[in-house]
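Reading through the structure tokens given below for one structure.
The values are calculated or read from the model by the stated rules, or taken from the named source; none is laboratory data. Model, not experiment: these values are computed from the prediction. Quick reminder, even Gly has a Cβ in these numbers, built from the backbone with ideal geometry, and neighbours come from all protein chains shown.
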Amino acid sequence: MKYDNITEGIFLERPNRFIARVMIGGTEEKVHVKNTGRCRELLKPGAKVFLEKAANPDRKTKYDLVAVVKDTGVLFNIDSQAPNAAVKEWLEGRDFDRVRPEVPYGDSRMDFYMEKDGERFLMEVKGCTLEFDGVGYFPDAPTERGAKHLRELTRAAAEGYRAVLAYVIQMEGVEEVLPHTETDPDYAEAYGEAEAAGVETWFFTCRVEPAKMIITGRNVKKPSRD
């Protein structure tokens, strides 16, 4: 998963969840933030950030903010579209008989449907950008949609699908993600229900660079009922 035309800048402030002010080459720019989460631990004044220049020269914002160096020195990709793109590349490089993105299921659209040797998979992908002491957490802001997806996966597992919650860890040095109960207790409850129902959790580790994010490995947490 690669970007074109990456530029370095210094983060100044984030007036709202869609927009940030960044200093680029001595000029202050209003840029689009490709993540609606809080990212408070990352987007601090003075932080080094990386931006992709928009292909459309007539766009209101010339840049998309896609990565930031945390005050620990670790580079984080914060592009909310990057996890699905990286997982799609990873799935297409494996021996699945079929891979389909954006598949309707219940009242949702699940990120991926796969088939292999007659087994049916449903996968929902979440990007993790929240980390404390080497452990990833999700979410960093309340997400009704996230809890809904977990309950859809719970139903899918009961219907015979191999149901998978996939966390893409958008930083290096982290290998697992836990529910951030303090931020969203409903999501944490839905995660526990899903795990008990047979939903697997896959943790995708990544190599993160300013202009790319590539999946380097997968750790599988089998459901607790197993």
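Computed values, structure above
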| item | result |
| --- | --- |
| Qualifying residue in segment 64-71 (condition: crowded, with 17+ Cβ neighbours inside 10 Å, out of contact with any Cys (no Cβ under 6 Å at 6 or more places or on another chain) and not assigned by TED's automatic domain parsing to the domain that holds residue 17) | no |
| Residue 10 of a type in the set (Val, Ile, Thr) and over 25 Å from residue 172 (Cα atoms) | no |
| Matching entry among 20, 54, 86, 47 (being within 24 Å of residue 173 (Cβ to Cβ) and not assigned by TED's automatic domain parsing to the domain that holds residue 122) | 47 |
| Matching option when the condition is over 18 Å from the mean Cα position of the chain (by Cα) and within 20 Å of residue 218 (Cα to Cα), among 115, 124 | 115 |
| Selection from segment 1-22 of residues that are part of a strand (DSSP E or B) and either in contact (Cβ under 8 Å) with a residue 60 or more places away in the chain or of a type in the set (Phe, Trp, Tyr) (or both) | 2, 6, 8, 11 |
| Entirely in segment 151-209, the strands (runs of 3 or more DSSP E) that have 2 or more residues that are more than 20 Å from residue 131 (Cα to Cα) | 162-169 |
| Residue in segment 183-201 that is surrounded by the most Cβ atoms within 10 Å (Cβ to Cβ), counting only those that are in contact with a helix residue (DSSP H, G or I) (Cβ under 9 Å, 6 or more places away or on another chain) and closer than 27 Å to residue 75 by Cβ | 187 |
| Options 43, 75, 122; residue that is more than 27 Å from residue 149 (Cα to Cα) and touching a Leu at 6+ places or on another chain (Cβ under 9 Å) | 43 |
| Residue in segment 159-174 that is within 20 Å of residue 113 (Cα to Cα), without any contact (Cβ under 8 Å) to a residue 40 or more places away in the chain and in the same structural domain as residue 205 (by TED's automatic domain parsing) present | yes |
| Lone unmet requirement of (1) surrounded by 13 or more Cβ atoms within 10 Å (Cβ to Cβ); (2) modelled with pLDDT under 95 for residue 83 | (2) |
| Residue list for segment 128-180, filter: in contact with a strand residue (DSSP E or B) (Cβ under 7 Å, 6 or more places away or on another chain), of a type in the set (Lys, Arg) and within 28 Å of residue 68 (Cα to Cα) | none |
